[in-house]
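Data block below; observations after.
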Amino acid sequence: GEMTFADGPVMHYWLHGSGTPLLFLPDGPDYPHDYLRLPLDRFSDDHLLLYVDLPGRGLSAGPKDPSVPMGLEHDVQSVATMLARLNLRDIHVYGHGYGAMVGVRLADKHPKLVSRMVLDNSPRPTLEGLQSRMNIAASRVPEPWSHDLEWFKTAGPRFSPEVYDRWLSMALMTGAVSNLAVVVDLWPRFRTRPDTRRAVLEPMGAFDFRPIFERIETPTLMIFGADAPVGEAGLEWRSNVNHRVGTLRVQVI
């Protein structure tokens, strides 16, 4: 289905299965939902799966008025409006990466909409945390990608921004996974949009959402892979949140 909102975005969503509603919020901040289907469609046996392309991602359009700021708050309000129109509440939410921040803010602003959350590989919810995830991935890029990555830093301007961003994202992905074989399945499903990424992050400025995470009241499971590019700062942050929030559990996979 699709929905048109008052400020112009047309947001696309997909419903599949039956049972307790389970909303998937993808990583990015510019990824479409497609890559989540391969591992997560299996939950349709006992859940009504709700996939969504956030405004400006995938098939969804951003605001028609360029003066309307995008960003996390815009994403949260768009999702809340969609759930209200679909008459869904007390849903389960799975947020991956950037999507974890959207999920936490959604539960914070609209607690009646969300009954449980799974936060998968959530970065430290600050601008620095989001950037450090990329830097750590870049430091782990294997050969021959690492050599090409150095060359691309100077040669990049020869290419169109879309080609440059596409290649750079693929290189970083090789440093973000422990098993390179999964990239073969995942990569065709990723469609990065540098213009959307800028439109989302610029209005957010030097954001810090740690206080929102530290007041989570919704039962929440925070998971991340032992080999995920989180860094020591990410591990320390998760431990601190785990000690402060009684409704949250952290699990290393």
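Structural remarks
- Counting heavy atoms of the protein chains alone, THR220 has an accessible area of about 10 Å² for a 1.4 Å probe.
- Among the protein heavy atoms, those of LEU186 account for about 40 Å² of accessible surface (1.4 Å probe, every chain in place).
- Looking at the chain alone, DSSP beta bridges between its own residues are antiparallel in about 30 percent of cases.
- Length released on extending from TRP167 to HIS243, taking residue separation times 0.36 nm less the Cα-Cα span: 23.4 nm
- Of all DSSP-defined beta bridges confined to region 5-140, some 30% are antiparallel rather than parallel.
- When a 1.4 Å probe is rolled over the protein heavy atoms, the share of accessible surface on region 76-131 that falls to carbon and sulfur comes to 45 percent.
- Taking every protein chain into account, the accessible area of region 77-152 amounts to 43 square angstrom per residue (probe 1.4 Å).
The values are calculated or read from the model by the stated rules, or taken from the named source; none is laboratory data. Everything quoted here is computed from the prediction, not taken from an experiment. The area values use the complete protein model at the heavy-atom level, side chains included, leaving out ligands, DNA and RNA. Shrake-Rupley method; radii C 1.70, N 1.55, O 1.52, S 1.80 Å.
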